[in-house]
1. Go through B:LYS131/B:LYS262; A:LYS67/B:LYS27; B:LYS157/B:LYS235; B:LYS158/B:LYS186; B:LYS221/B:LYS262; B:LYS80/B:LYS235 and tell me which ones have a Cα-Cα distance over 26 Å in this structure.
2. Roughly speaking, to the nearest percent, how much of the stretch B:9-85's 1.4 Å accessible area is carbon and sulfur?
3. Give me the dipole magnitude in Debye, nearest 20, for chain B about the Cα centre, with unit charges on the beta carbon: positive for Lys and Arg, negative for Asp and Glu.
4. In what order, largest first, do B:MET1, B:MET69 sit by accessible area if the probe radius is 1.4 Å?
5. Counting other Cβ atoms within 10 Å of each Cβ, which trypsin sites (Lys or Arg not before Pro) in the stretch B:55-129 have at most 12 and sit in a DSSP loop?
6. Give the calculated FRET efficiency between B:LEU77 and B:MET1 to the nearest 0.05, with a Förster radius of 22 Å applied to their Cβ-Cβ distance.
7. Just by accessible area at a 1.4 angstrom probe, what is the order of B:HIS254, B:HIS167 from largest to smallest?
8. Around B:PHE261, with a cut-off of 9 angstrom between Cβ atoms, what is the net charge of the other residues, counting Lys and Arg +1 and Asp and Glu -1?
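The values are calculated or read from the model by the stated rules, or taken from the named source; none is laboratory data. None of the values given here were measured: they were computed from a predicted structure. No Cβ is skipped: glycine too gets one built from the backbone with ideal geometry, and neighbour counts run over all protein chains shown. All accessible areas refer to the heavy atoms of the entire protein, side chains included, with ligands and DNA or RNA removed. Shrake-Rupley method; radii C 1.70, N 1.55, O 1.52, S 1.80 Å.
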Amino acid sequence: MKPHLRNLKTKWTLQDYPDSTAYEAGYLTSKNAGWRSVRPVIDAEKCTGCLQCYLHCPDGVIFKSGKVVAIDYDFCKGCGICGRICRLKAIKMEVESK
Amino acid sequence: MVEDEFFYGHKACAGCGGSLAVRIALKVLGKRAVAVLPAGCMSAVGFNFPQLCFANNAIISTFAGTASMLTGIEAGLRAKGITDFVAVGFAGDGGTADIGIQALSGAIDRDDDILYICYDNEAYMNTGIQKSSLTPFGAKTTTTPAGKNAHGNLRPKKNMFEIVAAHGIKYAATASIGYLPDYMKKVQRASEIKGTKYIHVIAPCPTGWGIASDESVEIAKEAVDCGLWVLAEYKNGNYSVSIKPKNLPGLQTHIKRQGRFKHLTDDDIAYVESQRDSKWNFINQHWTVTQGGIK
Ligand SMILES: Cc1ncc(C[n+]2csc(CCOP(=O)(O)OP(=O)(O)O)c2C)c(N)n1
Ligand code: SF4
Ligand code: SF4
Ligand code: SF4
Ligand SMILES: [Mg+2]
C-alpha cells in the first residue's frame, strides 16, 4: 500500500478546508514526474529482482512486479541512484524525450 | 520492513539523503509510527497542503521542540490506553545539535519512551545552507564562505553521538544511508527498547554538498569506508563499532569530489586525516571493535 494520486479540486469552498490543522494522511494531489530530465528504464532481461534499487530509492517509487521491479513514473525524479546501485547494470538512465 | 510506503510524493530534491533516511525508518517501524518533524527540509517537503506525503500519523513541531513534542505524544497516547505505537522524531542537524538540544537532553534525562532520529545533512539546508554545529571542518556554507584567509568552516563537527551517550541514554547509535541494512537493524533494535533512543544518520544533501543527485548514497558509504563517519552503538555504558573500515586511506578523493570542499588545500586535508586518525586511535583503545556488521 502506498499513497495514491487524487483529483485536485479546482474550486474550494470553505467546507473543503480542514477545520483544524489535521488532515488525511498520505493525501497526494500533484505528481513529481515533471522534475525529471532523465528516466530510469529497467531491463527485465538483466534484472534479478535483488531489490537493491527498491531499497535505496529516496522516493520509494520502485516496486516489485513479478520477478523483477517496475517504476512509478508519476513520482520518480530521475535522481539516478537506482541506476548506480544496480550491480547488474539492469537500469539505464535515458534522456526524457518531451 | 513492510512493503508499504509512508513517505511518498514528497518534494525533496532528487537524490535527497534525508528523505531516504526518513522513508527507510518508517518502513521499519510501519504504520504504528507517530512521527514528529520540526522545521527543516523533511517537514517542508512532506507537508504542503493539500499534498500530504506521510501516510502514517505525522505532525510538525516547533524547530526547538522535537523531543518535547515526542514526550507529549507518548504520554498522551499512553494515557488514552494506546500501546502499539512508536513516537519517532526526525530532526535535522541544526534542529538537533543547535536549537533542539535542550529539549532532547531533557527527554533523555526523564528517560521518556521515544525514538529520536537526527538526519544529518551537515548544515541548515532548508534555509539555504547555513553552518550548524554539525557542519564539518572546512565545509563551505553561506555563513562560512571560502576565501583566501578562511577556508570554509573553522570549527570541528560537534560530537552529538557521544554527547547523547554521556547522558547514560538507553540506546544511541550512528548510521549512514550508505549502509541501509545496518541502519535498519538499529532502528528495529531501538524500537524494541523502552526509554529514550537516539540514532544519528548521516544523510548527504546533493544541493548543499555540491554532489550529483545519484551520488548521495555512494558518498555516505564512502564516508564510512574511509573512517570519517564511524558507525557505532552505545548501550549499557559500552561503546562499540558496528562496521570497521578496512584501512584509513588518504581523504583527497573523497573530500575533493564534494563541491563544498573544493577549496581545501593539501594541508587542510592532512589536518582532517590527522583528526580522523587520532579518533580511531582512541576508539581502538577504548571501544569494543569487531570487524563486520552488528550482530
Ligand atoms: C525558531 C525558528 N527559527 C528559525 C526557523 C527557520 N528555519 C526553518 S528550517 C531551518 C533549517 C533547518 O536546518 P536543519 O535542522 O539542519 O534541517 P534541514 O533543513 O537541513 O533538513 C530554519 C533555520 C524556524 N522555522 N523556527
Ligand atoms: S538493483 Fe538491478 S537487478 Fe536488483 S532489482 Fe533493481 S534493477 Fe533488478
Ligand atoms: S531515478 Fe531516483 S527517484 Fe527514480 S526510481 Fe531511480 S532512485 Fe527512484
Ligand atoms: S536541500 Fe538537501 S536536504 Fe533539503 S530536500 Fe534538498 S537534498 Fe534534501
Ligand atoms: Mg540540516
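1. B:LYS80/B:LYS235
2. Carbon and sulfur atoms account for 62 percent of the accessible area of the stretch B:9-85.
3. Taking the Cα centre of chain B as origin, the dipole is about 120 debye.
4. B:MET1, B:MET69
5. For trypsin sites (Lys or Arg not before Pro) across the stretch B:55-129 that sit outside H, G, I, E and B with at most 12 neighbouring Cβ atoms in 10 Å, the list reads B:LYS80.
6. Efficiency, rounded to the nearest 0.05: 0.40.
7. Order by accessible area, largest first: B:HIS167, B:HIS254.
8. Combined, the nearby Lys, Arg, Asp and Glu give +4.
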